[in-house]
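Trainee: Input: one structure, supplied below.
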Amino acid sequence: MVDVRQIRQTDSEAVRALDSKIQGDDRSVTWDTYVERLLSIIELDWLQYPPWGCFVAEDESGLVGFLLSERQTTAYGLPPGARIVAMAVVPSKRRAGIGKQLVGALED
């Protein structure tokens with residue numbers, strides 16, 4: 001059973017650990033910048049509420065996935081919405097619907 005919830009300050013190190021496991025040749029040069037930018041916001045001591053659109057998935061083994069997103073600007077005539085900045089699932093847990101659950105949490 002996987003539980004999906006909003007990210008907390010205490011999740012940042014587990015997110016970094018998972019993120020480091022999924023690095024590969026096709027990884028975008030800007031990926032690390034986006035992940036660190038959102039994690040630095042999540043780690044702010046004075047933050048009362050988790051950032052909008054950032055979720056983690058956990059099971060009995062711990063963190064098994066994350067989704068980091070941000071609100072899409074309406075500049076240039078774009079409709080309001082969200083932009084997924086980064087998303088990962090533990091390789092051994094892929095194809096089990098965890099990514100779909102993370103996206104579902106964002107849609108909700």
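Readers should treat all values here as calculations from the given coordinates under stated rules, not as data from a laboratory. Quick caveat, the model's predicted, so the values are computed rather than measured. All Cβ positions, even for glycine, are placed from backbone atoms using ideal geometry, and neighbour counts span all protein chains on display.
Trainee: Pop a pseudo-label 7 angstrom from the Cα along the beta-carbon direction at both residue 59 and residue 10 and give the gap in nm to one decimal.
Mentor: If labels sit at residue 59 and residue 10, their model points lie 2.2 nm apart.
Trainee: Shifting gears a bit: Please order 1, 87 by the number of other Cβ within 10 Å, starting at the fewest.
Mentor: In order of increasing Cβ crowding within 10 Å: 1, 87.
Trainee: Moving on. FRET efficiency for residue 1 and residue 75, Cβ-Cβ distance as r, R0 = 41 Å, nearest 0.05? Display every interim value, and only then the final one.
Mentor: Working: r = 41 Å, r/R0 = 1.00.
In this case the efficiency is close to 0.50.
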